[in-house]
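Report on the following structure.
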Number of protein chains: 2
Amino acid sequence: MDGVLADVYAIFADWHERDTGIRKQKEEVVGMREFEAFPDARKYVFTPGFFRALPPIEHGIETVRSLMQRYDVFIVSAATEFPQSVGEKLAWLNEHMPFISWQQVVLCGSKKIVKADIMIDDHFKNLDYFDGQTYLFDQPHNRLAEAGRHTRVRGWSELNAILLP
Amino acid sequence: MDGVLADVYAIFADWHERDTGIRKQKEEVVGMREFEAFPDARKYVFTPGFFRALPPIEHGIETVRSLMQRYDVFIVSAATEFPQSVGEKLAWLNEHMPFISWQQVVLCGSKKIVKADIMIDDHFKNLDYFDGQTYLFDQPHNRLAEAGRHTRVRGWSELNAILLP
């Protein structure tokens, strides 16, 4: 969800501006981990309301809906590190993606336990353990890294073209 | 968790007795699905506090702790059907199994997406899709069914003997 379907940078930047008066642009934080780019990021992700407030990433919702016509889609989100996020993530999905059923949702810690054919994720720590086809969802924090065996995609329109040719 | 680590029958029986004055014994409900055995079971599992109140199943907690010395253990629980359960299940684990880290917890809907070597579960709908070794945890609702390719185990002491010989 975060960094693939839900735009964490938008709220990091909003809250950082609220707290410091300084607006950081995405280009400024390229190559930096989120906790380096926004010094209070770790406090923010433990704040009630953070995960509920995230705006959807462009074209994600409608692309997932299209993918469901041809694929068995699961939404797998690392959530248990932030216990308050589990309810917020279910509420977020209910609002933004009501076509996702409870059967399709996985709220987890490590993603090593996931079995599927394709994984779309913005973190190497998740993709590197996955057996199938992997797409690295481009985000400022991963932009300067070599994608390696993963295929970097720059947004949902590109994924749509690849997965629904 | 439910029916393997947490004793759903105990609370079904307690709440059924509270509401009807009748105490059902486990032997009476052998071969019945939980929702047949306790007509209000579906109402109960959507009631706040149900999942938080479940007592641990005998020898489960200490056996999992022992297993962690030799195995990479994950607690995978079907939870998203009952949104109020996700927070309660995390709180239950935090109280009863504080040695389980957030990385090891998976709250999901369908368990088709689980990749591992061994699965311990009381439901065929979960075991049947799993590629590895499967243990059917004996419960009244599954007792009359043929275990098929799964190995039926009658409690955690038996699992301990099998997995930590």
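Quick rundown of the values:
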item	result
The stretch A:78-148: GluC sites (Glu not before Pro) in DSSP loop, at most 11 other beta carbons within 10 Å	A:Glu146
Hull volume in cubic angstrom per residue (convex hull over the Cα atoms of the stretch A:1-76)	108 Å³
Copy-to-copy label separations for B:Asp14, where each label sits 7 Å from Cα toward Cβ, in nm and ascending	4.2
Inter-copy label distances at A:Pro55 (7 Å, Cα→Cβ; nm, one decimal)	5.3
Cβ-derived FRET efficiency at R0 22 Å, A:Met68 paired with A:Asn94, nearest 0.05	0.85
Loop-resident sites, the stretch B:1-64, for chymotrypsin sites (Phe, Trp or Tyr not before Pro), counting at most 15 other Cβ within 10 Å (DSSP)	B:Phe46
At 7 Å out from Cα toward Cβ: A:Gly132 inter-copy label distances (nm, ascending)	1.8
Ellipsoid equivalent to the stretch B:35-113 - semi-axes via the Cα gyration tensor, in Å	24, 15, 12
Structure-based [θ]222 nm, chain B - -39500 (n - 2.57) summed over DSSP H runs of at least 4, per residue, nearest 500	-9500 deg cm²/dmol
P(r) of the stretch B:90-165 over all Cα-Cα pairs, binned every 10 Å from zero, in whole percent	17, 41, 39, 4
Volume in Å³ per residue [convex hull over Cα atoms, computed for the stretch A:8-163]	115 Å³
Along each principal axis, Cα extent of the protein assembly as shown, largest first, Å	66, 40, 39
Amide N proximity, the stretch B:23-55 versus B:Asp14 label position 7 Å along Cα-to-Cβ, cut-off under 11 Å	B:50-55
Spin-label pair B:Ile162/A:Arg23, simplified geometry with 7 Å Cα→Cβ offset, distance in nm	6.1 nm
Qualifying trypsin sites (Lys or Arg not before Pro) for the stretch B:38-80 [loop in DSSP, other Cβ within 10 Å: at most 10]	B:Arg70
For the axis carrying chain B to chain A: nearest C-beta residue of B, whole Å	B:Lys115, 2
25 Å Cα-Cα threshold exceeded, pairs from A:Lys26/B:Lys89; A:Lys43/A:Lys125; A:Lys112/B:Lys43; A:Lys89/A:Lys111	A:Lys26/B:Lys89; A:Lys112/B:Lys43
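Values quoted throughout were computed directly from the atomic coordinates according to the rules given, and no laboratory measurement underlies them. If you're wondering where the values come from, they're calculated on a predicted model, not measured in any experiment. Please note: Cβ atoms are built from the backbone with ideal geometry, for glycine as well, and neighbour counts cover all protein chains shown.
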